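Structure record follows, encoded as structure tokens.
The values are calculated or read from the model by the stated rules, or taken from the named source; none is laboratory data. Not measured: the values here are computed from a predicted model. We place every Cβ from the backbone using ideal geometry, glycine too, and count neighbours over all the protein chains shown. Remember, those area values only see protein heavy atoms, side chains included, never the ligands or the DNA or RNA. Shrake-Rupley method; radii C 1.70, N 1.55, O 1.52, S 1.80 Å.
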Amino acid sequence: MWELRLARQDALEEIFALYAACVRWMNEVSIHQWNDTDYLSAYPPDDYADMQRRGLLFVLEGENGALLGAVVLLPEDERWNGRPSRRAWYVHNLVTAIGASGAGKAILREAEKLAKPHGMEVMRLDCADDNTRLNAWYESQGYFPCGTCIDGPYNGILREKLL
């Protein structure tokens, strides 16, 4: 049984280690995304500490409390400015432990379940436009393209799922 819950302060070091491991893995398997955009500097440990204090950082725990992933759920996102206004949570910084098959899907499903009682109409996220494999995976999870965004060197596809 997996559970998505608010991150505790004492887990921040382990959470950041997930992101660092993911960047190393991307280098090993020649995926060009976080490793090419200096992700760990753009989102340093202090950012996750701030998200944890604000109640926006969540972790996915497996049996025995094993940390299987993390995600930030934001109440707003400037990349979506000018888009139709809907009550939304914005999925950011989604990461899973290397080899934790199904953890990404579980994070999205559990976040969607949490969003409904909070009156959210949609879940929104963005994905690098050149990561065809990840874009196809998001689409298979019900997150459909509805625009694009540019943030420095990052070109993204905006995706939305109706709840």
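Within region 112-163, what whole-number % of the accessible surface is contributed by carbon and sulfur, with the 1.4 Å probe and all protein chains included in the calculation? Write out the running numbers ahead of the final one.
Working: 1580 of 2810 Å².
That share works out to 56 percent.
Note down the relative contact order for the chain as a percent, whole number, built from C-alpha pairs under 8 angstrom at least six residues apart. Don't jump to the answer; show the numbers that get you there.
Values: 257 pairs, mean separation 33.1, N = 163.
Here the relative contact order equals 20 percent.
Extending each Cα 7 Å along its Cβ direction at His32 and Arg86, get the distance between those two points in nm, one decimal.
3.3 nm
In nanometres, what is the gap between the two model label sites at Asp130 and Ser41, each 7 Å from Cα along Cα-to-Cβ?
With each label placed 7 Å out from Cα toward Cβ, I get 1.8 nm.
Run down the aspartates and glutamates and flag those whose C-alpha is under 17 Å from the C-alpha of Lys113, throwing out any fewer than 8 positions away in its chain.
Candidates past the 8-residue exclusion: Glu3, Glu61, Glu121, Glu160.
In whole percent, what relative contact order does region 111-163 give with Cα contacts below 8 Å and a gap of six or more residues?
Working: 72 pairs, mean separation 22.8, N = 53.
Relative contact order comes out at 43 percent.
With a 1.4 Å probe and every protein chain left in place, work out the accessible area per residue of the chain in Å², rounded to a whole number. Walk me through the numbers before you get to the answer.
Numbers: 8910 Å² over 163 residues.
Heavy-atom SASA per residue in the chain reads 55 Å².
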